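As structure tokens, the structure follows; a few thoughts come after it.
The values are calculated or read from the model by the stated rules, or taken from the named source; none is laboratory data. Everything quoted here is computed from the prediction, not taken from an experiment. No Cβ is skipped: glycine too gets one built from the backbone with ideal geometry, and neighbour counts run over all protein chains shown. Accessible surface areas use protein heavy atoms only, side chains included; no ligands, DNA or RNA. Shrake-Rupley method; radii C 1.70, N 1.55, O 1.52, S 1.80 Å.
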Amino acid sequence: MKRILIIQTAFIGDVILSTPIIEKLHAFYPDAKIDFLVRKGNAGLLQGHPKLNRVFIWKKDQKKYTNLFKLIYLIRSKKYDCAINVQRFFASGLITILSGAKLKIGFVKNPLSFLFTKQIGHRLRGQHESSRNLSLVMALTDDKYVRPKLYPRKSDYALVSKYQVLPYVCIAPTSVWGTKQYPMVKWVELILSLDDRWIVYLIGGNVDYDECEEIREMTGRSNVNNLAGKMRFLESAALMEKAAINYVNDSAPMHIASCMNARTNAVFCSTIPSFGFGPLADESKVVQVEDSLACRPCGIHGKRKCPLGHFKCAYSIQKEQFDQVEYPEIAD
């Protein structure tokens, strides 16, 4: 096996949960050139990855299908021995079957899987998504589990070092899906329950800045800092790694924390961990409503807003359910 392509052009968390495939393939085929295909905007997750040869980018937002076929033409020119499709959508299936790879592997749920060389079963519950992804390469490697992993560079650690002078916690309070997001007022309650000596960093992307700023202002604390939009993916990973604790939703920052084996409290509102997207760090905890709700879960990935209007799966979660971290004594 000399050239291998991994295809995952979905969202940030999906790319992160595909990284165990890189680890496993590199361990078994250390001399192989492993390439990875992502959508535009996600390449930063894999920048400088020591076990990847190249990262391809599909620009879905610009002439989607023109760029798709240009990309397929480029991929075919690489003459891959194996193409591994981690997605279950038509476009990724098309890339796979037209890749020219000798061995084409993907999930049986992909609509074009009947044209793959090897189809792998996919069950939603009872298995973590990273394990489901690893099943794609089990026949090429072994059945041992490896955790998702990102590789912040020295430059990433250097850029966040200025934020790591004092003990701190990180909070990623937002989500693309409204019903995955712990309400703003509840995040404020949690922050105000923390020892006021903690430095609190609110993290996220550019689109999260305004919500993080509102949370910061609502706390009234000068030690709450809004870093949303100020850091790239790997810089956030480096910051989260050394936090005393990371409070996150069921969203991409949770998976970043898993990659860095960083202490995590993950809030699950409308979704449930048994879908296979829970935290993986050694010190991790799921925080969720304690009472059974007939309406939960209301979907696999969450919804824009609560279908019933009450959002009990989030508002019923209390700050006392989160781990509290003791502020360390610092020598003068």
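Yes/no matrix, rows are residues, columns are (1) of a type in the set (Gly, Ala, Ser); (2) touching a residue at least 24 places away in the same chain (Cβ under 8 Å):
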residue	(1), (2)
Ile7	no, yes
Val15	no, yes
Ala32	yes, yes
Leu45	no, yes
Lys59	no, no
Lys63	no, no
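Do we find a residue being over 20 Å from Ile16 (Cβ atoms), at pLDDT below 95, surrounded by fewer than 21 Cβ atoms within 10 Å (Cβ to Cβ) and more than 22 Å from the chain's Cα centre (by Cα) anywhere in the range 41-62?
Yes, that holds for at least one residue.
In the range 242-274, how many residues are at pLDDT below 95 and open to solvent by less than 10 Å² (accessible area, probe 1.4 Å)?
Qualifying residue count, the range 242-274: 0.
Are there any pairs, at least 6 apart or on different chains, whose C-beta atoms fall under 6 Å, with the first in the range 68-87 and under 12 Å from Leu37 (Cα atoms) and the second part of a strand (DSSP E or B), and if so, which?
That search, which allows pairs on different chains as well, returns Leu71/Trp58; Ala83/Leu5; Ala83/Lys104; Ile84/Ile6; Ile84/Ile105; Asn85/Ile7; Asn85/Gly106.
Of all the strands (runs of 3 or more DSSP E) wholly in the range 76-167, which have at least 3 residues that are of a type outside the set (A, V, I, L, M)?
Fully inside the range 76-167 and qualifying: 103-107.
Hey, can you tell me all the residues within the range 281-306 that are of a type in the set (D, E, K, R) and open to solvent by 50 Å² or more (accessible area, probe 1.4 Å)?
Asp282, Glu283, Lys285, Glu290, Asp291, Lys303, Arg304, Lys305
Look at Gly48 and say whether it is on the phi > 0 side of the Ramachandran plot and not acidic (Asp, Glu).
yes
Step by step: first the residues of the range 96-110, then only those that are of a type outside the set (A, V, I, L, M) and open to solvent by 70 Å² or more (accessible area, probe 1.4 Å), then the one that is nearest to Asp250 (Cα to Cα). Which residue is that?
Result: Lys109.
Here is a list of conditions, (1) farther than 14 Å from Cys170 by Cα; (2) of a type in the set (D, E, K, R); (3) in contact (Cβ under 8 Å) with a residue 40 or more places away in the chain, and Lys312 meets all of them except one; can you say which number that is?
(3) is the only condition that Lys312 fails.
Give the number of residues within the range 39-62 that are in contact with a strand residue (DSSP E or B) (Cβ under 7 Å, 6 or more places away or on another chain), not aliphatic (A, V, I, L, M) and not in a strand (DSSP E or B).
Total satisfying the criteria: 4.
Quick one: is Asp323 loosely packed, with under 12 Cβ neighbours inside 10 Å and either under 23 Å from the mean Cα position of the chain (by Cα) or modelled with pLDDT of 95 or more (or both)?
Against the criterion (loosely packed, with under 12 Cβ neighbours inside 10 Å and either under 23 Å from the mean Cα position of the chain (by Cα) or modelled with pLDDT of 95 or more (or both)), Asp323 does not qualify.
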